[in-house]
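K.L.:
Please read through the structure below; I'll follow up with questions.
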Amino acid sequence: MKHLLGIKDLSPQTIEQVFTTADEFKQVLNRPIKKVPALRDTTIVNLFYENSTRTRISFELAQKRLGADTVNFAVSSSSVSKGETLIDTVQNILAMKVDIVVMRHSASGAPHFLSRHIDASIVNAGDGTNEHPTQALLDAYSIRERLGSLSGKRIAIIGDILHSRVALSNIYLLTKMGAEVAVCGPATLIPRQIEALGVRVFYDVKKALQWCEVANVLRIQLERQSKPLFSTLREYALYYGIDRALLDSLQKEIVIMHPGPINRGVELSSDVANSGQSLVLDQVENGVAVRMAVLYMVGRKETTDSGT
Ligand code: ASP
């Protein structure tokens with residue numbers, strides 16, 4: 001794997017390989033010494049043009065656990081504020097002999113654009129409303145771990161589907177791996193013709209929860225909404241928020257997921273987020289092993305290339 005730009009272009013075999021590699025790294029992470037020297041000669045820069053908590057820390061930990069040299073680039077204190085272009089910024093960083101760029105950007109397609117202009121490997125850590133491939137990989141890995149497999153499982157993605165890169169990457173990945181996928185939210189937050197991606201659509205959250213075994217609940221992305229798409233957060237919570245009473249009314253136990261950050265009391269009530277049904281912290285834990293697997297697969301190719 002030269003880059004990881006999105007799930008769209010990955011084969012089911014490559015996805016399975018990420019999972020089995022992550023299985024190995026998860027064992028490493030549970031040892032007293034949580035490090036392997038697999039990327040000892042690799043330098044990685046984390047280029048985050050958009051805010052992040054989990055993803056940035058998770059990537060950085062994954063890099064350190066693999067023995068890579070890492071540099072963090074903070075856009076706010078960089079020359080980007082002096083008007084430097086993306087390509088110039090990255091070319092200057094690469095001149096310092098960097099092998100892999102982990103990149104988050106608010107513009108959809110930014111990592112794809114960069115991959116056509118530079119030689120280093122690029123790992124997409126979220127591009128605008130397009131894809132967030134490592135989030136989808138860790139989500140699917142966590143479902144596989146809890147339910148044993150993905151094939152034939154019913155997963156409902158609930159909330160702001162329109163603005164969510166997590167939704168799109170999850171849809172690509174889960175359908176490729178043979179799961180049944182549905183999306184659910186207010187009509188204004190569901191992209192038109194989303195059925196063409198092989199998913200079903202629910203507008204009633206209770207029906208979606210009755211249908212599924214796993215509900216992956218997404219944040220309302222107010223920062224990406226240029227016009228109001230529902231009246232108030234309170235009203236959204238009333239119709240689409242998931243609380244204990246709603247889960248109890250299903251008469252079956254489903255798994256609850258959320259990529260974070262959670263708006264407690266909006267998309268999930270606190271007791272649901274903290275309950276045994278919630279996979280939220282397993283997702284975060286698995287994120288490090290899955291990102292180690294991705295970096296190893298991308299970095300290993302680099303090593304082979306330079307050796308031939
Ligand atoms: N952390 C995820 C992302 O970067 C989800 C979110 O922000 O709601 O897309």
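K.L.:
Please give the FRET efficiency for R146 paired with D9, using the beta carbon to beta carbon distance and R0 = 25 Å, rounded to the nearest 0.05.
P.N.:
Efficiency for this residue pair is about 0.40.
K.L.:
Over all distinct alpha-carbon pairs, what is the Kirkwood Rh of the stretch 225-308 in angstrom?
P.N.:
The answer is 15.9 Å.
K.L.:
About the Cα centre of the chain, how large is the charge dipole given +1 on each Lys and Arg Cβ and -1 on each Asp and Glu Cβ? Please answer in debye to the nearest 20.
P.N.:
Approximately 140 debye in magnitude.
K.L.:
What's the magnitude of the charge dipole for the stretch 187-239 around its Cα centre, counting Lys and Arg as +1 and Asp and Glu as -1 at the beta-carbon? Answer in Debye, nearest 20.
P.N.:
My answer is approximately 120 debye.
K.L.:
Under 21 Å Cα-Cα from K252, which lysines qualify once same-chain neighbours fewer than 8 residues away are excluded?
P.N.:
Hits, sequence-local ones excluded: K153, K206, K207.
K.L.:
Would you please put 48-59, 281-292 in order of how densely packed they are, using the mean number of other Cβ atoms within 10 angstrom per residue and starting with the highest?
P.N.:
Working: 48-59: 18.2, 281-292: 22.5.
Sorting 48-59, 281-292 by mean packing, highest first, produces 281-292, 48-59.
K.L.:
When you take every Cα atom in the stretch 162-252, what is the radius of gyration, and what is Dmax, the widest Cα pair distance, in Å?
P.N.:
Cα only, the stretch 162-252: 13.5, 39 Å (Rg, Dmax).
K.L.:
Continuing with this model, one more query. With a 1.4 Å probe and every protein chain kept in, tell me what percent of the accessible surface of the stretch 155-232 is carbon plus sulfur. Kindly include the intermediate steps, with their values, before the conclusion.
P.N.:
Values: 1630 of 3150 Å².
On the stretch 155-232, the fraction of accessible area on carbon and sulfur atoms equals 52 percent.
K.L.:
Given just the C-alpha atoms of the stretch 82-241, how large is their convex hull per residue in cubic angstrom?
P.N.:
Numbers: hull volume 22.3 nm³, N = 160.
Expressed per residue, the convex hull around the Cα atoms of the stretch 82-241 is 139 Å³.
K.L.:
Compute the semi-axes of the equivalent ellipsoid of the stretch 13-57, taking the square root of 5 times each eigenvalue of the Cα gyration tensor, and list them largest first in whole Å.
P.N.:
So the equivalent ellipsoid measures 22, 16, 13 Å along its semi-axes.
K.L.:
To continue, here is another question. Using modelled amide H (1.01 Å from N, peptide plane; none on Pro or chain starts), what sits under 5 Å from the amide H of F48, excluding residues fewer than 5 places away?
P.N.:
F73, V75, R104
K.L.:
On average, how much accessible surface per residue is there in the stretch 12-61, in Å², for a 1.4 Å probe, leaving out ligands, DNA and RNA?
P.N.:
Per residue, the stretch 12-61 has an accessible area of 55 Å².
K.L.:
Work from the charge dipole of the chain (Cβ charges, +1 for Lys and Arg, -1 for Asp and Glu, about the Cα centre) and give the residue of G178, H117, H163 farthest towards its positive end.
P.N.:
Of the options given, the answer is G178.
K.L.:
A further question follows. What three numbers, in Å, describe the spread of the alpha carbons of the chain along their principal axes, ordered from the longest?
P.N.:
On the principal axes, the chain reaches 58, 44, 35 Å in Cα extent.
K.L.:
Further, regarding this structure: May I ask for the net charge around N124, where only other residues with Cβ less than 13 Å from the Cβ of N124 are counted and Lys, Arg are +1 while Asp, Glu are -1?
P.N.:
Values: positive: K2, K8, R104, R165, R291; negative: D9, E50, D127, E131.
Charge balance near N124 sits at +1.
K.L.:
Gain in length, S249 to Q27, computed as 0.36 nm per residue apart minus the alpha-carbon separation, to one decimal in nm?
P.N.:
Full extension from S249 to Q27 adds 76.1 nm.
K.L.:
Given only helices, namely DSSP H runs of n ≥ 4 each adding -39500 (n - 2.57), what is the per-residue ellipticity at 222 nm of the chain, to the nearest 500 deg cm²/dmol?
P.N.:
It lands at -12500 deg cm²/dmol.
K.L.:
With a point put 7 Å past each Cα toward its Cβ, work out how far K206 is from V71 in nm, to one decimal.
P.N.:
Between K206 and V71, the label points sit 5.7 nm apart.
K.L.:
Follow-up question, since we're still on this one. Which residues does the label zone of R234 cover in the stretch 250-273, counting backbone N under 20 Å from a point 7 Å along Cα→Cβ?
P.N.:
263-270
K.L.:
Continuing with the same structure: Mind checking which helices in the chain clear 20 Å along their axis (Cα) and have mean Kyte-Doolittle hydropathy of 0.0 or more, DSSP H runs only?
P.N.:
The qualifying helices are 280-307.
K.L.:
³J(HN,Hα) across the stretch 118-126 via Karplus (A = 6.51, B = -1.76, C = 1.60, θ = phi - 60°), whole Hz, x for Gly/Pro?
P.N.:
10, 8, 5, 6, 10, 10, 6, 9, x
K.L.:
Just order 160-171, 87-98 by mean Cβ neighbour count inside 10 Å, highest at the front, would you?
P.N.:
160-171, 87-98
The values are calculated or read from the model by the stated rules, or taken from the named source; none is laboratory data. Only a predicted model underlies this, so the values are computations on that prediction, with no experimental measurement involved. FYI the Cβ positions are ideal-geometry reconstructions off the backbone, even for glycines, and counts take in every protein chain you see. Ligands, DNA and RNA are excluded from the accessible area calculation, which covers all protein heavy atoms including side chains. Shrake-Rupley method; radii C 1.70, N 1.55, O 1.52, S 1.80 Å.
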